[in-house]
Structure formats: structure tokens, C-alpha cells
Protein chains: 6
Amino acid sequence: MTNTQQSPSNSNSNDNLRYERGLARLREIDGEGGIKVVESLADIAPDFARLVIEFPFGDIYSRPGLDLRSREIAVVAALTAMGNAAPQLKVHIQGALNVGVTRTEIVETIMQMAVYAGFPAALNGLTAAREVFAHAGVATPAAGRAAATVAATVTATA
Amino acid sequence: MTNTQQSPSNSNSNDNLRYERGLARLREIDGEGGIKVVESLADIAPDFARLVIEFPFGDIYSRPGLDLRSREIAVVAALTAMGNAAPQLKVHIQGALNVGVTRTEIVETIMQMAVYAGFPAALNGLTAAREVFAHAGVATPAAGRAAATVAATVTATA
Amino acid sequence: MTNTQQSPSNSNSNDNLRYERGLARLREIDGEGGIKVVESLADIAPDFARLVIEFPFGDIYSRPGLDLRSREIAVVAALTAMGNAAPQLKVHIQGALNVGVTRTEIVETIMQMAVYAGFPAALNGLTAAREVFAHAGVATPAAGRAAATVAATVTATA
Amino acid sequence: MTNTQQSPSNSNSNDNLRYERGLARLREIDGEGGIKVVESLADIAPDFARLVIEFPFGDIYSRPGLDLRSREIAVVAALTAMGNAAPQLKVHIQGALNVGVTRTEIVETIMQMAVYAGFPAALNGLTAAREVFAHAGVATPAAGRAAATVAATVTATA
Amino acid sequence: MTNTQQSPSNSNSNDNLRYERGLARLREIDGEGGIKVVESLADIAPDFARLVIEFPFGDIYSRPGLDLRSREIAVVAALTAMGNAAPQLKVHIQGALNVGVTRTEIVETIMQMAVYAGFPAALNGLTAAREVFAHAGVATPAAGRAAATVAATVTATA
Amino acid sequence: MTNTQQSPSNSNSNDNLRYERGLARLREIDGEGGIKVVESLADIAPDFARLVIEFPFGDIYSRPGLDLRSREIAVVAALTAMGNAAPQLKVHIQGALNVGVTRTEIVETIMQMAVYAGFPAALNGLTAAREVFAHAGVATPAAGRAAATVAATVTATA
């Protein structure tokens with residue numbers, strides 16, 4: 001791989017190491033969703049595509065000291081709380097699943113944000129999670145049963 | 001109504017009181033829009049559906065000390081200013097209408113947020129209000145006339 | 001009063017009307033706290049001092065369609081929820097008191113923001129209210145009794 | 001042009017001056033996008049349409065002391081960083097182009113916000129820029145070539 | 001313990017269970033810092049003191065499905081990213097230490113927020129962590145050595 | 001200068017180039033204030049000190065395509081609008097002065113944020129500017145005269 005034309009200021013093997021380390025990390029965590037985000041930058045800000053790979057993934061996510069599961073829980077919490085980055089929240093909900101965070105843990109993380117950023121932030125986070133989970137596969141049977149119970153309860157109380 | 005399977009930690013009559021008091025309050029304020037929000041949680045986070053009813057509506061909105069009209073004005077102001085919770089803002093603009101806040105009062109509340117959160121927040125709040133008002137019924141004649149005048153003015157000045 | 005040197009682009013009687021109407025409104029709502037804010041701008045951005053009087057107070061707060069009590073409840077709610085404007089929140093908690101909002105109503109408005117912007121926003125809003133209330137006069141007897149009860153409870157449970 | 005019916009509190013020649021000065025500034029900066037925003041207010045908050053023209057454009061953008069190019073760079077930076085005002089960000093990206101800010105300068109401004117408001121804010125800002133640029137005309141040849149290189153790199157590394 | 005006078009709407013054993021469960025959880029996580037926050041509410045909003053214990057701690061933190069270490073990492077991430085709740089961030093950095101999150105993990109969580117909320121948010125989060133760590137005890141030897149190296153590097157390069 | 005012990009993952013000449021380029025840029029823009037921020041990280045997060053130099057300053061501020069004056073105007077605008085990063089805003093107001101932005105341009109940039117992020121954000125930005133200007137030297141005579149006029153006006157109207 002040659003990276004030279006695209007990033008003239010990053011011309012030697014060490015930056016290539018950061019780039020390749022970051023790209024591998026991006027694939028591991030965010031999978032195809034992450035790659036699509038980077039590719040989508042090619043027409044408008046190609047250098048930013050490189051920086052996204054080098055700094056967040058090559059520098060930060062490649063650090064020891066905090067496991068990937070905790071890192072993804074931290075991101076899901078932060079983006080839910082900030083409430084203004086729905087596309088990135090979805091990418092990282094999928095990323096959390098990819099590194100082994102369970103659906104229950106993701107839902108609990110988002111619910112907890114009601115305490116710190118308010119119920120609308122948590123509700124919109126759950127909407128994002130529903131979309132990602134629906135795309136990722138079947139609902140858990142337990143959730144299905146509970147859903148039926150809630151629906152029945154709400155209707156019965158009306 | 002039995003609530004037991006769905007919320008094992010809320011097993012006796014007192015929590016059922018909070019839940020039922022909250023559900024009644026939710027219906028009174030947000031009407032069908034509020035019920036839909038809660039029902040939509042059933043498949044992803046059924047316990048959160050219960051918590052939405054118990055804490056905001058059972059605990060907070062059921063408190064004396066501030067009338068419901070003022071509570072809805074406060075929410076419309078806050079969600080307009082925060083600018084990252086459009087679905088909830090719409091539910092509460094409808095909620096404000098439901099408890100007797102007039103369209104004029106809602107529009108004034110949102111306009112005032114231009115001072116505290118900037119013009120974009122107020123503009124996006126007015127967009128939300130337009131959608132709710134359009135769904136809720138006819139425009140006021142006065143607004144219709146004024147709209148015609150503004151359109152004419154802007155065109156004439158071009 | 002001549003306003004000419006200070007605001008050359010606002011040279012006739014109509015803008016003076018906006019300015020004087022705004023200054024009167026500012027005094028009515030925010031009292032000395034508001035005047036101090038404006039005066040503090042004189043050394044750094046004197047035109048902004050004029051704009052603060054003309055637009056928020058001369059244009060917005062002078063509009064009919066929403067009573068001053070509701071306007072101050074809206075501002076206290078929004079600034080509590082935004083959480084990044086403590087000095088202005090304090091000025092408007094005092095402003096709310098000035099136009100007849102009760103301490104209980106202010107506290108309820110801030111507490112309600114826990115639902116929409118999270119508990120930290122509400123806690124910091126209550127801290128601001130405590131400072132303003134302490135400066136404004138005595139605590140309510142009811143709050144005093146309740147405080148003693150809570151303190152006793154927390155200690156007893158330890 | 002008579003402005004009287006629409007804005008009874010602004011009845012004389014001086015406020016008409018602010019309004020006309022603001023309207024000219026709005027056309028110069030935001031072009032048709034800005035006019036559409038104002039016209040869209042006519043049915044819901046016609047007075048706000050007037051205030052948008054008078055305060056931001058008649059008062060602020062008409063001030064000396066900061067050139068229009070810098071003002072538009074400042075707005076693109078701020079709205080990118082806030083991340084909750086996509087429609088207004090697009091209007092001002094077009095506005096920046098209208099007053100002579102280049103595409104490269106706009107992209108650099110948005111990329112820089114990754115440092116101050118995070119990568120999601122910058123990514124969403126770039127998405128807004130892509131939409132505006134696509135509507136405004138052809139992509140720059142340089143960007144096109146770089147895009148091809150990035151796409152090839154990402155694919156090759158997979 | 002009788003809780004009756006203070007919270008008349010919470011008059012039976014079940015709400016006392018939520019309150020006591022929440023108070024135990026608050027002590028476990030936040031320790032004395034959390035208790036002080038609650039006690040400080042006694043004079044201004046005694047009912048909010050009860051709600052802080054019942055909802056965040058009695059309802060949310062008492063849920064299974066996400067371990068306490070992950071919950072504290074989520075809160076430290078979110079409050080760092082939001083950037084407007086320094087007092088609560090400090091309480092939860094201490095809380096994270098209390099439930100077994102290491103200093104390194106806390107620092108990594110905060111550093112990671114530079115990616116999602118910008119470098120200022122991360123810098124201010126690190127400032128909060130420094131204050132909490134200084135109060136909690138000695139610095140790690142590794143950090144001390146690294147600090148000396150950085151200081152030397154910066155000076156040498158000047 | 002050897003950088004090896006402190007940043008093992010950055011072991012060759014190219015990363016040293018980014019670091020040294022970034023450190024030079026940091027000195028040029030933020031001066032001693034910037035260096036102090038970096039040094040203050042040494043005890044808590046020494047690697048973050050390196051990353052602050054490498055990414056924002058080595059990668060972003062070293063890019064062509066946007067002049068430093070425009071970059072500093074963009075940062076002052078963004079941090080004023082976000083309203084939750086006062087220490088960094090002050091560093092960058094000084095930075096703007098350092099690269100040739102005038103006091104008037106800084107004040108105009110901050111005032112303009114009243115339109116996009118509300119008057120409190122602009123007021124708090126002006127407070128930050130006042131502190132930086134006071135530390136940096138004498139007030140401009142023009143501002144002094146205007147201040148006297150405003151003070152007189154406010155008093156006379158009382």
C-alpha cells in the first residue's frame with residue numbers, strides 16, 4: 001500500500017503504521033459501518049478520512065489501559081448524553097455489539113443516561129438502539145414477552 | 001390490572017399507585033402522543049416504559065406547587081433551548097395545547113428562546129410548532145393575514 | 001437623555017423608544033442585577049450593552065401574548081437545562097421573584113428539569129437558587145422543618 | 001413598501017431602515033436560502049420573521065469591525081460545534097460561499113472543529129457541506145482525485 | 001426510621017424499600033460525597049433529596065444487567081462529554097474509584113472523550129480527575145516519572 | 001531531544017516531526033498559556049500532553065488552506081457558542097491576539113454569537129475577553145470613552 005499522494009505530510013513508515021493500526025482497529029470495532037463513514041469522506045475531505053483513522057483509532061483505541069468493551073460503553077453513554085450525533089451513536093451501538101457488549105448492557109447504559117442527560121436523550125438513544133438491533137437480527141424472546149405485557153397493561157389501564 | 005411479571009421489583013399496591021397516577025397524568029398532558037412513546041419502548045426497554053410513567057409523570061408532574069400550564073411552558077422552553085430533542089418537543093407542544101396553553105403563548109415561549117439559546121434553536125422550535133399546529137387544526141386567521149403581509153413585503157423589497 | 005454618541009446608527013426617536021422601553025423592562029424584571037450586567041459591558045463592548053437592552057428587553061420582553069411570570073419560568077427552565085450560564089440563571093431567578101413567581105414555583109421548575117436535562121442540571125440549578133434566595137431573605141419555615149427531617153433521616157439510616 | 005400593518009410597534013422610518021438594511025444584508029449573505037427561511041415563518045410567527053431580519057442582519061451583520069468572510073467562518077464553526085442546527089448550518093455554508101469563502105476554507109473550518117467539539121460534530125458538518133456543495137456545483141478536481149486515492153487505499157488495505 | 005412527614009406521598013413500606021435500597025446504593029458508590037450532595041438539598045428542595053435517592057439510586061443503579069464498574073465508566077464519560085456538570089463529575093470520579101475502576105481506566109475514559117466531545121472537554125475532565133486523585137491519595141509512581149519526562153521534553157524543546 | 005521513554009509508540013523520526021511541528025505551532029498560537037496547559041497534564045495524563053501537541057497542533061493547525069487568523073476566529077466563535085470551556089476560550093482569545101486578530105475583531109466575533117447561541121453565551125464570552133485583555137495590557141481609548149457614555153446614559157435614565 002502506498003499512502004503518499006493522499007497524505008504528503010505523512011510520508012514514512014511510522015505514520016503508515018499508525019494508519020494501518022488504526023484501520024485494523026476501526027474494522028475490529030465498527031466493522032463495515034465504520035469503513036463506510038471513512039469512505040464517504042473521500043469526496044469532501046480526504047485528509048479527514050486519514051485523520052479519523054489515525055487519531056481516534058490509531059492513537060486512542062489502540063492504547064492499553066481500558067478494554068474495548070469499556071471503551072464502547074463509554075462512547076454509547078457519551079453520544080446518548082450529548083444527543084446531537086445520532087449517526088455516530090448508531091455506528092457505536094453496532095461497535096459495542098461487535099466487541100462483545102450485550103444488548104442488555106447497551107440498553108442499560110442508555111437508560112442510565114436518563115439520570116444524567118434527561119429522559120429525551122435516553123429515549124432517542126433507545127430509538128437508535130432499536131434500529132441497530134433490528135438490522136442486526138432477532139429480538140430477544142424475553143424482551144418480546146415483556147413487550148406484550150406492557151402493551152396489554154397500557155391498553156387495560158386506559 | 002396486574003403489573004407483576006413486567007416489574008418484579010414493584011410488587012405492591014404503592015408502586016401501582018405511582019404507576020397509575022403517572023399513567024393518568026401522562027394521558028392528561030400528552031394524550032395519545034405520550035402513550036405511543038411509552039408503547040414504542042415495549043420491544044426494546046419495557047422497564048423504561050414503566051420508569052417514564054413512574055418518575056416524570058407519577059413523581060414530578062403529580063406534585064403540587066406549579067400548575068400544569070407553567071410546567072408545559074417550562075418544558076417547551078427547555079427542549080427548544082436544548083435543540084436536540086425534536087420528537088419530545090413536539091409531544092410537549094401538543095401537551096401544552098392539551099392543558100390550555102394557547103398557540104400564541106407557545107409561539108412567544110419559543111421566540112423568547114432566541115435570546116437565551118440563539119435564533120437557530122428558536123427557528124427549529126417554530127418548525128416543530130408548525131407541524132404540531134398543522135396536525136392539530138386550522139391556523140389562526142390573524143396569522144394568516146400577517147403571513148400574507150410578510151410574504152408581500154419580502155417580495156416587494158426584492 | 002441623548003443616546004447619539006454611543007449608538008450612531010440608532011439616531012432617532014424610534015430607536016430611543018426601543019432603548020427606553022427595554023431599559024424600563026430590564027429594571028422591572030431583573031432589577032439591579034440586570035443593570036449591573038449591562039454596565040459591566042461598558043468597558044469591553046458598549047454597543048452590546050445597548051443591544052442587550054434593545055433586543056431582549058425592548059423587543060422580546062415587551063411583547064404581549066405571554067405574561068412576565070410565564071416568561072421568567074421559561075427562562076429559569078431553559079438556563080437550568082442548558083447548564084452553562086450560571087450567572088444569567090441567577091439573575092433570572094431573582095427576576096422571577098421580582099415579577100411574582102414564588103420560591104416554590106422556582107424550585108418546582110428547576111426540579112422538573114431533572115426529567116429533561118438530567119439530575120446534574122437540576123442540582124446545579126438548585127444551587128443557584130439557594131444562593132439567590134439566601135441573598136434575597138429568610139428561608140421558608142416549611143423548608144426549614146423539612147430540612148431537619150431529611151437530615152435526621154439520612155443520619156438515622158446510616 | 002409599507003411595513004406598518006405587520007409590525008405596529010415599528011412604525012417609523014428608522015425601524016424601516018433597520019429592516020431594509022437587514023433584508024439587504026440577508027440577501028447578500030444567505031441569498032434565496034435565507035429569504036426562504038424568513039418567508040417560512042410567515043404562517044407561524046410573522047413578527048419573528050421581522051426580528052430575524054432586524055437583529056441578526058440589521059444590527060449584527062451590518063456592524064463594521066469584522067469582515068463578512070470572517071463572520072461566516074465564525075458561524076460555520078459555531079454551528080458545526082453546537083451540532084444541533086443542521087438547517088441553519090447549511091444556509092450559512094452557502095452564505096460563506098456567497099461572500100467569498102472558498103470550499104477549502106469551509107472544509108478546513110469544519111475539520112478544525114473535531115479538536116474543539118469532537119469528531120462526530122465535524123463529520124456531521126462535513127455531511128452538511130457535501131449537500132451544499134453538491135447543490136452549488138461541481139466538485140473540485142483535486143478533491144476528486146484524492147477521493148479516488150482514498151477509496152483505493154481503503155479497499156486495498158482490507 | 002420513619003419517613004412519613006417528609007414524603008407524605010410515599011407512605012408505605014414499598015417506597016421505604018426503594019428509598020433504603022437507593023440510600024445504600026448511594027453510599028456504596030458515591031460515599032460521603034454523595035451523601036453531602038443529598039444533605040445539601042435539605043434546605044432548598046427536601047423532596048428532591050428523596051427523589052435523587054429513589055430514582056437514580058433506588059431504581060437505576062439497583063438494576064441488574066450492567067455491573068457497577070461499567071455504570072461508573074459510563075457516567076464519567078457522559079459528564080466529561082457534556083462538560084457542564086463539574087461538581088457531579090468529581091463525585092462520580094470518586095464513585096468510580098470506590099467501585100474498583102482504576103485511575104488509569106478513569107484517565108483513559110476521559111482522554112477518549114477528546115474524540116467525541118473535543119479536547120477542551122477532555123482537558124477539563126482531567127482537571128477534575130486531578131483534584132479527586134489529589135484528595136484521594138498519592139500519585140502513581142509511573143505517572144510521576146512520566147510527568148518528569150514530559151516537563152523535561154517541553155523545556156528542552158523550547 | 002529524545003522522546004522515547006515518554007511515548008514508546010512514537011519511536012521514530014516522523015512522529016518526532018509531528019511533535020516538534022506541533023510544539024512550534026502551539027508556541028506560536030497560544031504562547032505560554034498553551035505550554036502551561038500541556039505541562040499541567042504531565043502528572044495526570046502525560047500521553048495526553050503529547051497527543052494535544054501532535055493532533056490539534058501538529059496535524060490540524062499545521063494544515064494549509066485556512067490562515068491562522070481565521071482559525072483563531074473560528075475557535076473563539078465555537079468555544080463562546082459551546083459555553084462550557086471557559087479556560088480554553090481564554091487561551092484562544094490570547095491566541096487570537098497572538099496571531100494578529102484585533103480586540104475589536106474578537107469582540108465582534110463574540111457578540112455575533114448572541115445570534116447563534118444566545119445572549120448568555122455572548123455575555124460569558126465577553127467576560128472571558130475582558131479578563132484576557134486586562135492581563136494583556138491597556139484598554140483602547142475609544143472603548144474607554146464609550147464606556148463612560150453608556151454609564152452616564154444608564155444612570156441618567158434611571
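Brief remarks follow.
Yes/no matrix, rows are residues, columns are (1) at pLDDT 95 or above; (2) under 21 Å from E:Leu123 (Cα atoms); (3) of a type in the set (D, E, K, R):
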residue	(1), (2), (3)
F:Asn3	no, no, no
F:Pro8	no, no, no
F:Glu32	no, yes, yes
F:Gln88	yes, yes, no
F:Gln94	yes, yes, no
F:Glu105	yes, no, yes
F:Met111	yes, no, no
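- Answer residue from the range C:54-82, given it is surrounded by fewer than 24 Cβ atoms within 10 Å (Cβ to Cβ) and among the polar types (S, T, N, Q) and is modelled with the highest pLDDT among those: C:Ser70
- Checking A:Ala45, A:Ala77, A:Ala96 one by one, the residue that is small (Gly, Ala, Ser) and assigned by TED's automatic domain parsing to the domain that holds A:Arg18 is A:Ala45 and no other.
- Among residues of the range F:50-74 that are under 25 Å from F:Val107 (Cα atoms) and free of Cβ contacts under 8 Å to residues at least 12 places away in the same chain, those with a Cβ under 9 angstrom from a residue that is of a type in the set (Phe, Trp, Tyr) and part of a helix (DSSP H, G or I), sequence gap 6+ or separate chain, pair up as F:Ala74/D:Tyr116.
- Check on B:Val52, more than 30 Å from A:Phe133 (Cα to Cα), within 7 Å of another protein chain (Cβ to nearest Cβ) and of a type in the set (A, V, I, L, M, F, W, C): no
The values are calculated or read from the model by the stated rules, or taken from the named source; none is laboratory data. Keep in mind that what you see is a predicted model, and the values were worked out from it rather than measured. Positions of Cβ are backbone-derived with ideal geometry, glycine not excepted, and every protein chain shown enters the neighbour counts.
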